[in-house]
Amino acid sequence: MGTSLRSQLPLLLEVPKGEVDASLFVTAANETAMAYLSKWQDWPAPYHSFNIYGPAGCGKSQMGAFLAQRAKAIMIDNLTMFDRTAFADCDVIILDGISTSDRWSEDALFHFCNYLSETGKYALFLSETPISQLDFSLADVRSRLRAIPSQEIHLPDDALLRALFESYFHERQCAVTEAVLDYIVARCDRSYEAVAQLVSAIDRESLAAKQAITIPLVRAVLDQNGKIKE
Amino acid sequence: MRFTIDRMSLLRPLGHVSSVVERRNTIPILNNMVLRAAAGQLSLTGTDMDMDIVTHVDCAVATEGASTVSAHMLNDIVRKLPEGSEVEIQMADGHAQISAGRSSFRLPTLPVEDFPAISAADLPHHFTLTAVDLRDMIDTTKFAISTEETRYYLNGIYFHKSANGQLCAVATDGHRLAMSQMNLPAGAEDMPAIILPRKAVGELRKLLDDQEGDVDVRLSETRAEFSFGHVRLTSKLIDGSFPDYTRVIPTGNDKVLSLDKAAFLAAVDRVSTISSEKTRSVKMALEPNLVRLSASNTDASSATEELEVAFEGGAMEVGFNARYLMEITAQIHGDIVQMSLADPGAPSLIQAPSDDANLFVLMPMRV
């Protein structure tokens, strides 16, 4: 989506990569996950944990931050070695982006789950796929993660898409009309990442053309990227 | 209120104030300027609600007082009076009587109490710079201000303290960028980064035309005030964030060519005669110590011109908008233009060889 349609190339005067918080907009796509999040003290034993999973950009980390503001929490994005003293001062541990990558040691996760069971502390696991399906080699880790309930953040519905587009355009100080938003929402790819990419492409095209963001301009961008669905 | 003043003395401040006042207003009082005569001086005040101007001029005051009258009408009248006229203005009973020689005009007035109060906002940041420096910064950057209204945060010059502690002015329309820097004046250490709107930039620049002294600058997050000579101009600022422009200034462009400024300007101007009005593109084909400028049009017309340059890099072709190229080149101080290029799709850096204070970034065109 990076190539302009015009012969004049624009300067890449982009705002820093948009940090729009999808979790700020509660719709059918994420309301169940948000409901579980707000009842964190009810997460079931033995691990007092919950797994929220969903695609990149759906607001998982922001949900973690939301919980961190409401509980005595610590947020980590890796666990290569288990050290119980690191969690001594918190009630909730948020594991952001858990996967089978090197950032997460299986041994450490095994000890971490036991630690949760032993201390009654709470943990929120944030991941792109359900942690019950993560292919760890240690059976003890797999079984522990399978015991943790989970909730998916679904692909964005129209209401969420519209709110996200509005926010991303606002972040970029781009004025767009309701009609333009309606046009985009009806035709764009229904994914969180696509929203940011499309807004970036439209902004860039508007800058190259020195034109306001209008339906013909949006149509040209969508058309160029093969995403138009008339 | 009654005062007398010679036409020439009145014409300049009248021109400045009426320039700020919009020609079409739905609120009648906004068509007017305030004239206030007191203690041997006439003060003139105008506003467009975003920008206020107050200017003073000596005059012979017979009766002190204040009233408002149509700014553009009074300016047009005084402009058309014969040179060397002595103008007498008398304002009373809802009318202004303007007399000079055998000419006489009668205009309606509105009460000065109806005129919007000029903002006396708190402006905590104060510094001084010379009119020459401010004029240079504006001249170097003004041409690159965006005129596309929906991208409002680019509709002005971005004045701020740069990372290297300089006072820096930047303007961009998304196709080219102009930057001018000077030593940070004392008092500007904690200045807020501001975007001065295009209209205020234009008015300020006109006012600075014949100024040689210092300019007092007072700032807040939302307003800027410039005072010098007999003038005080106050403007609202653009409420937006200027993009991180430093990311688009290239630092590693290794194809550097030096051109004679006058010869380059003239050659681009000549060759671009052929370019289509729509694109105005000019192609630069670089070879060792030679640049071949060319343009073509859809009607099969074409033009080429060769220029000797100092360039030792490999062959490359790159296209630019001819108007952008000429506007930037015209702002280069000195006789030599240095262009640093990377590839035909990357931003070019243009500056004078020994001038680190001013630089320009130009995006190419696909040709």
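Any idea which residue in the range B:139-152 is nearest to the other protein chains (Cβ to nearest Cβ), counting only those that are assigned to a helix (DSSP H, G or I) and within 26 Å of A:ALA208 (Cβ to Cβ)? Give the steps one after another, and end with the answer.
First, the residues of the range B:139-152 that are assigned to a helix (DSSP H, G or I): B:139-144, B:152.
Adding the requirement that they be within 26 Å of A:ALA208 (Cβ to Cβ) leaves B:140-144, B:152.
Details: B:THR140: 18, B:THR141: 15, B:LYS142: 17, B:PHE143: 15, B:ALA144: 11, B:TYR152: 7 Å.
This residue is B:TYR152.
Out of B:VAL17, B:VAL78, which single residue is assigned to a helix (DSSP H, G or I) and either assigned by TED's automatic domain parsing to the domain that holds B:ARG198 or within 22 Å of the chain's Cα centre (by Cα) (or both)? Full working, then the answer.
On the way: B:VAL78 fails: either assigned by TED's automatic domain parsing to the domain that holds B:ARG198 or within 22 Å of the chain's Cα centre (by Cα) (or both).
Unique residue meeting the criteria: B:VAL17.
Sort out which residues of the range A:147-186 are modelled with pLDDT of 90 or more and more than 30 Å from A:LYS39 (Cα to Cα), and write them in order of number.
The answer is A:PHE169, A:VAL176, A:THR177, A:GLU178, A:ALA179, A:VAL180, A:LEU181, A:ASP182, A:TYR183, A:ILE184, A:VAL185, A:ALA186.
Out of the residues in the range B:125-134 that are in a helix (DSSP H, G or I) and surrounded by 19 or more Cβ atoms within 10 Å (Cβ to Cβ), state the one that is farthest from the other protein chains (Cβ to nearest Cβ).
So the first thing to find is which residues in the range B:125-134 are in a helix (DSSP H, G or I), and the list is B:131-134.
The next check asks that each one be surrounded by 19 or more Cβ atoms within 10 Å (Cβ to Cβ); those that pass are B:131, B:134.
Working: B:ALA131: 31, B:LEU134: 25 Å.
This residue is B:ALA131.
Take the residues in the range A:131-158 that are of a type in the set (Gly, Ala, Ser) and touching a helix residue (DSSP H, G or I) at 6+ places or on another chain (Cβ under 9 Å); name whichever of them is nearest to A:PHE112 (Cα to Cα).
Narrowing the range A:131-158 to residues of a type in the set (Gly, Ala, Ser): A:132, A:137, A:139, A:143, A:147, A:150.
Remaining after also requiring touching a helix residue (DSSP H, G or I) at 6+ places or on another chain (Cβ under 9 Å): A:132, A:137, A:147, A:150.
On the way: A:SER132: 16, A:SER137: 16, A:ALA147: 14, A:SER150: 18 Å.
Per the criteria, the residue is A:ALA147.
Residues that are away from chain A (no Cβ under 12 Å) and at positive phi: does the range B:304-316 have at least one?
Step one: filter the range B:304-316 for residues away from chain A (no Cβ under 12 Å), giving B:304-316.
Filter once more, so that each one left must be at positive phi: none.
No, the conditions are met nowhere in the range B:304-316.
Of the conditions (1) more than 19 Å from the chain's Cα centre (by Cα); (2) exposed (fewer than 13 other Cβ atoms within 10 Å of the Cβ); (3) not hydroxyl-bearing (Ser, Thr, Tyr), A:ALA35 fails just one. Which one is it?
The one condition A:ALA35 does not meet is (1).
B:ASN155 is checked against (1) at pLDDT below 95; (2) within 14 Å of chain A (Cβ to nearest Cβ) and fails just one. What number does that condition carry?
Every condition holds for B:ASN155 apart from (1).
Consider B:GLY240 carefully, then state whether it is among the small types (Gly, Ala, Ser), within 14 Å of another protein chain (Cβ to nearest Cβ) and surrounded by fewer than 23 Cβ atoms within 10 Å (Cβ to Cβ).
Values: among the small types (Gly, Ala, Ser): yes; within 14 Å of another protein chain (Cβ to nearest Cβ): yes; surrounded by fewer than 23 Cβ atoms within 10 Å (Cβ to Cβ): yes.
So B:GLY240 passes the test.
State which residue pairs qualify: first residue in contact (Cβ under 8 Å) with a residue 60 or more places away in the chain and under 18 Å from A:ASP42 (Cα atoms) and inside the range A:120-144, second residue among the basic types (Lys, Arg) and crowded, with 22+ Cβ neighbours inside 10 Å in any location, beta carbons under 6 Å apart, and separation of 6 or more residues or different chains.
Hits for this filter: A:LEU126/A:LYS60.
Could you tell me which of the residues B:THR26, B:THR45 is more than 22 Å from B:ILE238 (Cα to Cα) and touching a residue at least 60 places away in the same chain (Cβ under 8 Å)? Give the derivation first.
On the way: B:THR26 fails: touching a residue at least 60 places away in the same chain (Cβ under 8 Å).
Just one listed residue meets the conditions, B:THR45.
Look through the range A:195-230, keep the residues that are of a type outside the set (S, T, N, Q), in a helix (DSSP H, G or I) and surrounded by fewer than 19 Cβ atoms within 10 Å (Cβ to Cβ), and return whichever of them is farthest from the chain's Cα centre (by Cα). Please lay out each step first, then the result.
Let us first name the residues in the range A:195-230 that are of a type outside the set (S, T, N, Q), namely A:195-196, A:198-199, A:201-205, A:207-210, A:212-213, A:215-223, A:226-230.
When the remaining residues are screened for being in a helix (DSSP H, G or I), the result is A:195-196, A:198-199, A:201-205, A:207-209, A:215-223.
With the extra rule that they be surrounded by fewer than 19 Cβ atoms within 10 Å (Cβ to Cβ), the set shrinks to A:215-217, A:219-220, A:223.
Values: A:ILE215: 28, A:PRO216: 30, A:LEU217: 28, A:ARG219: 27, A:ALA220: 28, A:ASP223: 27 Å.
My answer is A:PRO216.
Among the residues of the range A:106-147, write down those that are within 17 Å of A:PHE87 (Cβ to Cβ) and under 23 Å from the mean Cα position of the chain (by Cα).
The first filter runs over the range A:106-147 and keeps only residues within 17 Å of A:PHE87 (Cβ to Cβ), leaving A:107-126, A:144.
Residues satisfying the conditions are A:LEU109, A:TYR122, A:ALA123, A:LEU124, A:PHE125, A:LEU126.
Of all residues in the range A:159-186, which are part of a loop (DSSP other than H, G, I, E, B) and in contact (Cβ under 8 Å) with a residue 60 or more places away in the chain? Give the derivation first.
From the range A:159-186, those part of a loop (DSSP other than H, G, I, E, B) are A:172-177; that's our starting set.
Passing the criteria: A:ARG172, A:GLN173.
I'd like to know if the range B:80-89 contains one or more residues that are modelled with pLDDT of 95 or more and surrounded by fewer than 13 Cβ atoms within 10 Å (Cβ to Cβ).
Within the range B:80-89 (the criterion being modelled with pLDDT of 95 or more and surrounded by fewer than 13 Cβ atoms within 10 Å (Cβ to Cβ)), the answer is yes, since at least one residue qualifies.
Going by the structure shown, is A:ALA147 touching a residue at least 60 places away in the same chain (Cβ under 8 Å), more than 18 Å from A:GLU31 (Cβ to Cβ) and surrounded by fewer than 18 Cβ atoms within 10 Å (Cβ to Cβ)?
Details: touching a residue at least 60 places away in the same chain (Cβ under 8 Å): yes; more than 18 Å from A:GLU31 (Cβ to Cβ): yes; surrounded by fewer than 18 Cβ atoms within 10 Å (Cβ to Cβ): yes.
Spelling it out, A:ALA147 is indeed touching a residue at least 60 places away in the same chain (Cβ under 8 Å), more than 18 Å from A:GLU31 (Cβ to Cβ) and surrounded by fewer than 18 Cβ atoms within 10 Å (Cβ to Cβ).
The values are calculated or read from the model by the stated rules, or taken from the named source; none is laboratory data. In this text, all values refer to a predicted model and were calculated from it rather than measured experimentally. Cβ: placed from backbone, ideal geometry, glycine included. Neighbour counts: every protein chain shown.
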